[in-house]
Amino acid sequence: MPHTLQAAALVVEDDELQREMIVVLLEELELKVFACESGEAASMILEEIGDTLRLMFTDVNLRGPMTGIELANRAKGEFPRLKVIVSSGRPASGLPVGTTFMQKPWLPLDLLREAKMVC
């Protein structure tokens, strides 16, 4: 029987409790989840495994100089088929085409609904 690869997701969130909650939610969808707290760390993960990811969730405000919007633009530029969800407590502008914006506070079911579209 051929081995199928598990779908993967990347969570980029500087708040540890939020990051852990999002990871748990996405793991419920049987996604293999990679997580980090900065755009720079996410960029390194994208360089290594970006072509295997189906979903990236990022907050707008991250540790370090790169914002989630900059990260989303980079990710969509390099991996156009990647589903990207950007989250913030304030409205965001400058998002790449095809990106989903989730205004905080959002419910776990909202994230699961968005993520299920790529699983």
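Read-outs throughout are calculated quantities, based only on the coordinates presented, and are distinct from any laboratory measurement. The structure displayed is predicted, hence computed values, not measured ones. Every residue, glycine among them, receives a Cβ derived from its backbone with ideal geometry; neighbour counts consider all protein chains shown.
At an R0 of 30 angstrom, the distance between the Cβ atoms of Leu17 and Met117 translates into a FRET efficiency of 0.75. Per-residue Karplus couplings for the stretch 94-105, computed as 6.51 cos²θ - 1.76 cosθ + 1.60 with θ equal to phi - 60°, are listed in order as x, 6, x, 4, x, 8, 9, 10, 10, 6, 7, x Hz, Gly and Pro entered as x.
For the peptides 39-46, 85-92, 15-22, the ranking by mean Cβ contacts within 10 Å, running from highest to lowest, is 39-46, 85-92, 15-22. Under the combined filter of DSSP loop state and at most 15 neighbouring Cβ atoms within 10 Å, the stretch 53-119 retains these chymotrypsin sites (Phe, Trp or Tyr not before Pro): Trp106. Working from Cα pairs under 8 Å separated by at least six residues, relative contact order for the chain is 24 percent.
When the chain is treated as a GNM with alpha-carbon contacts under 10 Å, the residue of Leu95, Leu82, Leu109 showing the greatest mean-square fluctuation is Leu109. Does the stretch 8-116 classify as rounded, prolate or oblate by the C-alpha gyration tensor (a ≥ b ≥ c root eigenvalues; a/c under 1.5 gives rounded; else a/b over b/c gives prolate, otherwise oblate)? Because its axes are fairly even, with a/c under 1.5, the stretch 8-116 counts as rounded. Legend: ranking of residues Asp51, Asp110, Asp59 from fewest to most surrounding C-beta atoms inside 10 Å; resulting order Asp51, Asp110, Asp59. Under a 5 Å amide H cut-off, with hydrogens placed 1.01 Å from N, Ser87 pairs with Thr58, Asp59, Val60, Met102 among residues at least 5 apart or on other chains.
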